[in-house]
1. Normalised radius of gyration for region 148-227, please: alpha carbon Rg relative to 2.2 N^0.38 Å, two decimal places.
2. Evaluate the relative contact order of the chain (contact order divided by residue number), counting alpha-carbon pairs under 8 angstrom at least 6 apart; express in whole percent.
3. How large is log10 I(q)/I(0) at q = 0.06, 0.09, 0.12, 0.13 Å⁻¹ when the Debye formula is applied to the Cα atoms of the chain, each weighted equally and without solvent?
4. Taking every eigenvalue of the Cα gyration tensor of region 218-335, multiplying by 5 and rooting it, what semi-axes result, largest first, whole Å?
5. Take every Cα-Cα pair in region 285-390 and report what % of them are more than 20 Å apart.
6. Which whole number of Å³ per residue matches the convex hull of the alpha-carbon atoms in region 271-337?
7. Per residue, what volume in Å³ does the convex hull of the Cα atoms of region 9-128 enclose?
8. Provide, in order from the shortest bin, the percent of all Cα-Cα pairs of region 120-185 in each 5 Å bin, continuing until the bin that contains the maximum pair distance.
Amino acid sequence: MTPGTAGLVHGMGTELVEPDWPPLTSAELTAVLASYPQAGPPGTAAAGPARPAWHSPRPMSAAALVTWPGGMVFVKRHHTAVRTAGQLATEHQFLDHLRSRGIPVPPVLRTAGGGTTVRRGDYVYEVHGVAPGLDLYRDDVSWSPFRSLGHARAAGVALARLHRAAAGFRPPARPPGVLLSGGWLLGSADPPAAVSRLLSERPGLARPLAGRAWRDDLARDVLPLLRRAAPMVTGLASQWGHGDWHPSNLTWTSAGPEAEVAGVFDVGLANRTSAVHDLATALERSTVDWLDLHGSGRAQGDLAAASALLDGYQSVRPLSAAEAAALPAVFPVVHLEYALSEIEYFGSVVDSPGNVELAYDGYLLGHARWAVGPDGAEFLGHLRQRLARS
């Protein structure tokens, strides 16, 4: 975290805020890492305490780079209302699969008993090796743009390689949960009924939506976009994707504008969707200035960065005609499942009514409304023209 902002983390806008979760402490880390023989040479645990060298400014968990006898590791703590050991085990299996196929993801460390997590009270911890390369974007807020077109192209190349490697990962899609992405709404024959069923299964989401005319809001802003996209994704191959592809989840070979991707991390939103869904997510995360939308009501798309990312991707994994046609239709609805999961998080896990409102009106509905406005029409028209040419 940058000097002078100790203890603060990223919020839903550009301002730093108080964290949802307390920062990791030296005593806590020392106790957790004692369960991980890989974190240091055998018998080194008594040589000194674990010390956080850098606290992540991301708000929905507590994470840190940690110095420990024998080296440095990355430790992340989740409340069990957000992630269970079983959910993390699936993420770790995906990381192991990618690593075995040459994708530069950090190793997942294992406990003496062979597991990958440690439970202490209401928290569950995971420990990873440190990603190779330079973490150039680690202090940037969500939806920050690429710093150069070279970075955008390199990110597209790396995502295509990840999709090729992920194609053989077989587990089924993860069910809806707190802070989880997915494609279940896009694949539903009756989206309002699917949301209604979800509310009956997840009271933590039903509570913050109670009293809202969500059926009317979805019918007005979302359902026309879903109906347009649904036929175009029928028949697309189902596969796992990263789920949260943006520059701060990547490390880089240098600080220069033509740097390549050196490492990939944070598959907390990974799920079985499709390559198109994951590519649309990558574009959504980094090529539209969404933070301006909440302030000015306008959000410009970075057309050059979107083109560079697509060009890099297709240099490794060219899109089929069906995928190219589907991508601009999927883009406006790719955020829906995660937006609903954010509403549950803010409404029932951390009790933040203001952020519930931002997640509901600004994200779930606002991003869909943007797609049919002038800025969205320009961006999506550019995607269609670019994909038609390629």
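1. Rounded to two decimals, the normalised Rg is 1.49.
2. 18
3. For the chain, the Cα-only Debye profile gives -0.22, -0.51, -0.94, -1.12.
4. 24, 19, 14
5. In whole percent, the share of Cα-Cα pairs in region 285-390 beyond 20 Å is 45.
6. Given the Cα convex hull of region 271-337, per-residue volume reads 95 Å³.
7. Dividing the Cα hull volume of region 9-128 by its residues yields 121 Å³.
8. P(r) over region 120-185, rounded to whole percents: 3, 10, 10, 17, 23, 20, 12, 3, 1, 0.
The numbers here are math on the coordinates, done by the rules we state, and not lab data. Just so it is clear, the structure is predicted and the values come from calculations on it, not from any experiment.
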